[in-house]
Amino acid sequence: MLTLLLAPVAAAAAAAEPEIIVTASRFPETEAESAASVTVIDDDTIDRLGEPLVPALVRLTPSAAVETGGPAGTLAQVRIRGAEANHTLLFIDGIRANDPAAGDIPRFELLNADIVSRVEIVRGPQSALWGSDAIGGVVAVNGVDATAPGYATSAEAGSFGFRRAAASGTVATRDANLSGAIGWQRARGIDSFDGTGDRDGYRNLSGRLRGTFAVGDRIEIGAAGFALAGRSEFDGYDPVTFLRGDTLDSTRNRLAAGRVWITAGDAEGLGGTLATSLLHSSNRNFLDDAEINRTSGKRWTAEAQAHYGFSTGTVRHMAVIALDHDRERFRASDSVYFGATDQRRSRTHGSITAEWRAEVSPVVADIAVRHDRFSAFKDATTVRASALVQLGRGISVSGAYAEGIAQPTFFDLYGFFPGNFVGNPSLKPESSRGFELSLRYRNGPIQAALTGYRQRLSDEIVDVFDSATFTSSTENRADVSRRSGLEAEASWSADERLRLTANYSYLRATQPAESLVGQLREVRRPKHSAAIAADGVIGRITYGGSIAYVGRRGDTNFDVFPAQPVKLGAYWLAGARIAYRVAPAIDLFARASNLFDERYQDVFGYRTEGRGLFVGVELGKK
């Protein structure tokens, strides 16, 4: 439902219009009236920074810890506000895109930035609106499509054998619009093991298409789809010694989905949406081009939502009710164990969501309640309540109490590897609850916010090891994990010559110690992180640049037995892009990554690229 109720906004007028947020509520609202903590990365920022993959953009947002298991294109995980990697819910063009065949994680490493027009990140539990997996937050990609006719093509090449090409375009009439994009990139990469072995590269081919047709003034028919395909090489574990080494592992991943919908009624009065979508994923793992195993998943979803806007005196109300139903299917097979790990599983899920929002100057209040009914485990009910109060002189305060859930994955429930792992079909969903409080300032070109939050995660699904049988399984943890933190944000934008944003995040994320006495810090979550980004247009020059700071954090060394805790050092990751318009609709550009040539690791033992330099050309107008 993320994009369907949002009226099209011409690109030329976008800067003059208030920013519309589509994931912090079941009904679009302006950023100034949203109590949620939201970051929007718009098309200009994406284009000017020039990052090939979306995780590099997400890294620049508050409280988002991005982890890549080696060079670009390898597995990328996002942890928002200290949550787990599968506690982030991803939408692509309104389609729930977490991969049912890969532990319900969002496949951020497959998100080619060349097909992305907008990224919206809502921090904090959002399950009362969107259901399972929205414990850390929600990431929505392509929330708004530009409707101004135009096209763009580009090509780029540079360090690490990197090559990149992309094309996008939009055609529009008074009643219809159609937009699409395709992006291709590859790199030979580096050796992620010790720097002396074979290179670990990747390939990515992605595309998207979206179109709408207006039937009169009150009915819209639409369809959207995307396809992501990637192949990445990585260094895994020797099948004989079981030690990590310079192996010839690779994985081939595909994620494709389509959605159709019809909306009717008035945006502010009575209206509604009917929609259905289908997602298919496929993951195949190889060792020296010999297939080891594969998984696949399907998710069919049907959605219905109705809204009604009305007034009582000076109070403006918006009431929303939504029904969702989905069916998931999961398949796993192997070659190594002659099919012993094969799985054929399916499950269904239904939900009802009710949301009410009231506006009476200077207060905006919102409450949402959702009940999720699962076929394979315990049902869940979640609540979110929030309020924003304008104090005058550009100052406001906001607060929210919110709950989140994450359903057990197919691996958690039914996974099986002979002599190694056995799933637990008795698991129940993980649950989280917490609150946040924010002080905000907004006056002309200046915006700033200071937000504090605290969350508790209960029934966390964890791996357990049986020393008697030397096998592992899963269970719901009896004690709670805790997350708390502080986010400071500021931005300034006087005109198109300079847009400047900065943020700093402090995080304390802990889990119960194995001795059940005290708490231990969670791994791969920096205590301190920060980012600065700037972009703009000066005459014929377009530029963008960013610096991200990732503080010290813990990890685990699995190369020894028993596994040992280790520390990963802090690093600064800087990038920049500058383009010069040599002729109408022709730009030449240069880009640099890891400008400080940092030698850093997001995952212990897996090297990442050093400084990279790239050049390219762009034709047309975005």
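The values are calculated or read from the model by the stated rules, or taken from the named source; none is laboratory data. Just so it is clear, the structure is predicted and the values come from calculations on it, not from any experiment. Glycine gets a Cβ as well: all are built from the backbone with ideal geometry, and neighbour counts include every protein chain shown.
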(request) Would you mention how many residues in region 403-454 are touching a Ser or Thr at 6+ places or on another chain (Cβ under 8 Å), assigned to a loop (DSSP other than H, G, I, E, B), surrounded by fewer than 21 Cβ atoms within 10 Å (Cβ to Cβ) and polar (S, T, N, Q)? (result) 2
(request) For region 64-103, name all the residues that are among the polar types (S, T, N, Q) and under 12 Å from the mean Cα position of the chain (by Cα). (result) Q77, N86, T88, N98
(request) Just name the residue that is farthest from the chain's Cα centre (by Cα) out of those in region 550-568 that are surrounded by 13 or more Cβ atoms within 10 Å (Cβ to Cβ) and either over 24 Å from F193 (Cα atoms) or of a type in the set (G, A, S) (or both). (result) G554
(message) Between a residue in region 394-421 that is more than 22 Å from V122 (Cα to Cα) and modelled with pLDDT under 95 and any residue that is surrounded by fewer than 17 Cβ atoms within 10 Å (Cβ to Cβ) and of a type in the set (D, E), which pairs come within a Cβ distance under 9 Å, given they are 6 or more apart or on different chains?
(response) F416/D342; F421/D463
(message) Just the residues that are free of Cβ contacts under 8 Å to residues at least 60 places away in the same chain and aromatic (F, W, Y), please, taken from region 570-612.
(response) Y571, W572, Y580, F596, Y600, F604
(message) Quick test of your reading of the structure: P526 fulfils all but one of (1) surrounded by 15 or more Cβ atoms within 10 Å (Cβ to Cβ); (2) part of a strand (DSSP E or B); (3) of a type outside the set (A, V, I, L, M). Name the failing condition by number.
(response) (2)
(request) Taking the residues in region 309-321 that are without any contact (Cβ under 8 Å) to a residue 60 or more places away in the chain and either within 30 Å of the chain's Cα centre (by Cα) or outside any strand (DSSP E or B) (or both) as candidates, determine which candidate is nearest to D266 (Cα to Cα). (result) A319
(message) Suppose we keep only residues that are under 30 Å from D42 (Cβ atoms) and of a type in the set (A, V, I, L, M, F, W, C) within region 460-498. Which one would you say is modelled with the lowest pLDDT?
(response) A494
(message) Given the criterion part of a loop (DSSP other than H, G, I, E, B) and of a type in the set (G, A, S), identify the matching residue among A400, A376.
(response) A376
(request) Output the residue which, of all residues in region 30-50 that are in contact with a strand residue (DSSP E or B) (Cβ under 7 Å, 6 or more places away or on another chain), part of a loop (DSSP other than H, G, I, E, B) and not aliphatic (A, V, I, L, M), is surrounded by the fewest Cβ atoms within 10 Å (Cβ to Cβ). (result) S34
(message) So, restricting to strands (runs of 3 or more DSSP E) that lie completely within region 547-622, which ones have at least 3 residues that are in contact with a Gly (Cβ under 9 Å, 6 or more places away or on another chain) and within 20 Å of E51 (Cβ to Cβ)?
(response) 571-583, 586-593, 612-620
